[in-house]
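Colleague: Handing you a structure now.
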Amino acid sequence: MAEATRPAKGGMSKRQRAKVGRGVQYVILLAVVVVGAVLADWNKIGEYFFNVEVARALFPSVITTALLNTVVYTALGFAFGLGVALLLALMRLSSVGPYRWISGAYIEFFRGLPALLVFLSVGFGIPTAFEGFNLNRNLTIMLSLGIVGSAYMAETIRAGIKAVPGGQLEAARSLGMSHARATTTVVIPQAFRIILPPLTNELILLTKDSSLAFVLGATLAKQELTQFGRSALTSYESMTPILVVGLCYLVITIPLSVLQQRLERRFGPGGKGGQGSGA
Amino acid sequence: MSEIKIEITGLRKSFGQVEVLSGVDQRIEAGEVVCVIGPSGSGKSTLLRCVNLLEQPTGGRIVVDGIELTDPDTDIDAARTRIGMVFQQFNLFTHLSVLDNLTVAQRKVLGRSRDEAESVARQNLERVGLADRATAMPAQLSGGQQQRVGIARALAMNPDVMLFDEPTSALDPELVGDVLGVMRRLADEGMTMLVVTHEMQFAREVADRVLFMDGGVIVEQGDPAEVIGAPKQERTRGFLARVLDPTHAGE
């Protein structure tokens, strides 16, 4: 019996083998980095990606125009999409058959389409189909992004609603609340606390999808980050704008992640204002 | 003759093919405290949940305060405001503070002002001995405290009758006493109470009447001293032997 727990062949225990294995991983990682650094042409990289003059020329319009437009387009799309998604989720959970079917069909349809196609359809399809009915640019982007986001968010919200314990609804009903009242005051607020992480995910995805607005074409003042970066790339013949624009996306998304973590700590499961078992 | 608060006639409830309640009749007078005991699966919780229509009965009539709840034209939401319910799992609204748990339905259902709702809430927190925890979140409270908040939340609606569904079954043993103490005071104040419980001591001391249920029917009922102390039915005797002396129940 005792032999089984002793060091086996090679005289190494399980712990020692794990240690050696990890050492090998570090060596490989280091080797990849070194080889990459040696092979890369640092002068060219510096010139193309880190051209300070080009970077300086991008300011302030990269912030005041491009970043701002990206934020505005994303906010519009997210707000519209969230509203539609909530409606779709409630429809999908409804006891009324046609509501469930319509919602299910919508979700399956738009979840399966590339966002680019939705942008093209809304941007060029609607004005063609309804003659004289011209959506302005902001509205087009809001609809396109909203439609794309809502199909995903509807499923997230539905999962959140189902994750709220049934006793919560029963307690609310036993106090005389109607089903609708109980859903809005008790179930949905708790569902949103549960789905905060995946919802932040959706918001970040939409931030990046807002770059698809380029297919609609835009004047300089209406360009969002990616289109702005592409134009600058052509006019300066440098990769630096791509780097700057990329950093701008992180300037949007990283604070969102931090905000999500804060909110989660405050409201999420186990948080001060969230659910959790009694002490 | 005293006023009848709860009248149950020919109550039946099936879940699919399984009949859980097979004809229950019961009249509960104003101020009466009735404890329902019985083995698990006997239908006692279902009976309680039918009284405020959390479960839709398959057949029979439920009349509370002269309002027939089983009438499809009855406004069930309005009727439920008169019937307080306390759950085994407390079911406090986890996203709301203790105070908001007590005020949300007062304001949104009864239409009370914030000031009035908060004043009623604080009175009822006082009643259950938790006046100092008004700003706490439910997750910060012990199980016993949560259940007392659950009772206060139901009382804040000024109900005519109170239903308790195994209110102490999810509690650690040392926390049971506080909750039973609150219930005992409520009974002394004259509240009409229907209590599903496994606390035989409580039933014996506080109840005016004890119902023993098994197999979806009331097998035996009467004075607690008789039903618990000297049961007539074989099924009641067997159940009480298992509950009161579990270590020798197998013999």
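Colleague: Which helices (runs of 4 or more DSSP H) sit wholly inside the range A:71-141 and have at least 1 residues that are closer than 24 Å to residue A:156 by Cβ?
Modeller: A:97-111, A:115-120
Colleague: Within 13 Å of chain A (Cβ to nearest Cβ), surrounded by fewer than 21 Cβ atoms within 10 Å (Cβ to Cβ), within 22 Å of residue B:187 (Cβ to Cβ) and among the charged types (D, E, K, R): which single residue out of B:82, B:27 fits that description?
Modeller: After ruling out the rest, the residue left standing is B:82.
Colleague: Looking at (1) over 19 Å from residue A:186 (Cβ atoms); (2) within 12 Å of chain A (Cβ to nearest Cβ); (3) more than 15 Å from the chain's Cα centre (by Cα), which is the only condition residue B:111 fails?
Modeller: Unmet for residue B:111, out of (1) over 19 Å from residue A:186 (Cβ atoms); (2) within 12 Å of chain A (Cβ to nearest Cβ); (3) more than 15 Å from the chain's Cα centre (by Cα): (1).
Colleague: Assess whether residue A:241 counts as being touching a Leu at 6+ places or on another chain (Cβ under 6 Å) and of a type outside the set (A, V, I, L, M).
Modeller: The answer is yes for residue A:241.
Colleague: May I ask you to list the residues in the range B:98-135 that are of a type in the set (Ser, Thr, Tyr) and closer than 24 Å to residue B:185 by Cβ?
Modeller: B:103, B:119, listed by residue number.
Colleague: Of the residues in the range B:129-147, how many are more than 9 Å from chain A (Cβ to nearest Cβ) and either aromatic (Phe, Trp, Tyr) or open to solvent by less than 30 Å² (accessible area, probe 1.4 Å) (or both)?
Modeller: So the answer is 4.
Colleague: If you take the residues of the range B:97-113 that are among the aliphatic types (A, V, I, L, M) and open to solvent by less than 30 Å² (accessible area, probe 1.4 Å), which of them is nearest to residue B:152 (Cα to Cα)? Give the derivation first.
Modeller: Filtering the range B:97-113 down to residues among the aliphatic types (A, V, I, L, M) leaves B:98-99, B:102, B:104-105, B:109-110.
Subsequent filtering for residues that are open to solvent by less than 30 Å² (accessible area, probe 1.4 Å) retains B:98-99, B:102, B:104-105.
Details: B:98: 10, B:99: 10, B:102: 7, B:104: 13, B:105: 12 Å.
Across the range B:97-113, the extreme among qualifying residues is B:102.
Colleague: Also, quick follow-up: Residue B:65 fails exactly one of the following numbered conditions: (1) at pLDDT below 95; (2) touching a Leu at 6+ places or on another chain (Cβ under 9 Å). What is the number of that condition?
Modeller: Single failed check for residue B:65: (2).
Colleague: Limited to the range B:35-79, what total is found for residues that are within 19 Å of residue B:213 (Cβ to Cβ), open to solvent by less than 10 Å² (accessible area, probe 1.4 Å) and within 14 Å of chain A (Cβ to nearest Cβ)?
Modeller: 4
The values are calculated or read from the model by the stated rules, or taken from the named source; none is laboratory data. Keep in mind it's a predicted model, so treat the numbers as computed, not measured. All Cβ positions, even for glycine, are placed from backbone atoms using ideal geometry, and neighbour counts span all protein chains on display. Just the protein is used for accessible areas: all its heavy atoms, side chains included, with ligands, DNA and RNA removed. Shrake-Rupley method; radii C 1.70, N 1.55, O 1.52, S 1.80 Å.
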